[in-house]
Amino acid sequence: MNQAVDQVRRAESSRLRTGNQQKAQRLKHLRWTLLRRGSRVRGRARQKLEALLASQLATARAWKLKEAFSHFWTYRSLPWAQAFLDYWCTRAMRSRLEPLKKVAKMLRAHEELLLNWFRAKGEISNGIVEGLNNKIRVVTRRCYGLRTYKTMEIALYHNLGRLPEPESTHRFC
């Protein structure tokens with residue numbers, strides 16, 4: 001979503017620089033502000049963002065759509081989440097912003113997978129699997145230089161099972 005907003009900002013900034021310098025100044029120094037959540041923007045950045053949102057620029061519309069989508073994850077009910085997703089995708093497709101249309105098409109293509117999270121009522125997370133995959137990658141990197149797959153397998157078992165590691169992985173006669 002952030003990439004789509006940034007693409008809209010870049011395209012609009014280059015288009016405005018050739019035409020109207022005053023409107024182009026509104027987009028200057030807003031890249032990182034636009035990539036943050038709205039609740040995290042403070043101080044002068046908040047003032048510049050509010051001035052941008054008051055304008056009719058495409059970047060402001062893209063940012064509003066991005067912020068609106070963040071409410072998707074607050075739903076608890078599958079039908080309400082599905083209705084919100086359909087509504088948001090329709091708004092994005094009508095926005096005439098190509099990067100956001102691309103995001104909407106991707107969300108529609110993966111709608112069933114997104115809604116599985118609501119079917120599971122948020123109780124199932126892939127965080128544990130991601131953590132295990134990360135540990136496996138770390139152990140594999142540490143095992144670089146070991147001569148056999150069997151020794152790497154033993155190191156994985158010891159690390160993932162929290163078993164004590166042997167002093168040496170080689171046998172000496």
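See the values below:
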item	result
Failed item in (1) open to solvent by less than 30 Å² (accessible area, probe 1.4 Å); (2) of a type in the set (D, E, K, R); (3) within 24 Å of F118 (Cα to Cα), with R76 passing the rest	(1)
S39 being open to solvent by 20 Å² or more (accessible area, probe 1.4 Å) and either under 22 Å from K102 (Cα atoms) or not in a helix (DSSP H, G or I) (or both)	no
Residue, most open to solvent (accessible area, probe 1.4 Å), within the range 45-73, restricted to residues that are of a type in the set (G, A, S) and closer than 21 Å to V103 by Cβ	S70
Only listed residue being exposed (fewer than 10 other Cβ atoms within 10 Å of the Cβ) and either in contact (Cβ under 8 Å) with a residue 60 or more places away in the chain or farther than 30 Å from V5 by Cα (or both), chosen from G145, G127	G145
Matching residues, the range 7-30, being closer than 27 Å to M93 by Cβ and in contact with a helix residue (DSSP H, G or I) (Cβ under 7 Å, 6 or more places away or on another chain)	Q7, V8, R9, E12, S13, L16, K23, R26, L27, L30
Qualifying helices (runs of 4 or more DSSP H) (wholly inside the range 55-165; at least 3 residues being closer than 30 Å to R26 by Cα and either of a type outside the set (V, I, T) or in contact with a Gly (Cβ under 6 Å, 6 or more places away or on another chain) (or both))	58-69, 78-94, 98-109
Leading residue by the ranking (most open to solvent (accessible area, probe 1.4 Å)) among those in the range 1-19 that are polar (S, T, N, Q) and without any contact (Cβ under 8 Å) to a residue 60 or more places away in the chain	T18
Per-region count, the range 75-117, residues acidic (D, E) and closer than 20 Å to A58 by Cβ	1
Some residue of the range 20-34 being of a type outside the set (V, I, T), under 16 Å from the mean Cα position of the chain (by Cα), modelled with pLDDT under 95 and open to solvent by 10 Å² or more (accessible area, probe 1.4 Å)	yes
Residue that is least open to solvent (accessible area, probe 1.4 Å) [pool: residues in the range 103-121 that are of a type in the set (G, A, S) and more than 13 Å from M1 (Cβ to Cβ)]	A120
Residue identified as surrounded by 16 or more Cβ atoms within 10 Å (Cβ to Cβ) and out of contact with any strand residue (DSSP E or B) (no Cβ under 6 Å at 6 or more places or on another chain) among L100, L156, L160	L100
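The values are calculated or read from the model by the stated rules, or taken from the named source; none is laboratory data. For clarity, every value in this text was computed on a predicted model and none was experimentally measured. Please note: Cβ atoms are built from the backbone with ideal geometry, for glycine as well, and neighbour counts cover all protein chains shown. Surface accessibility is based on the protein's heavy atoms, side chains included, excluding ligands, DNA and RNA. Shrake-Rupley method; radii C 1.70, N 1.55, O 1.52, S 1.80 Å.
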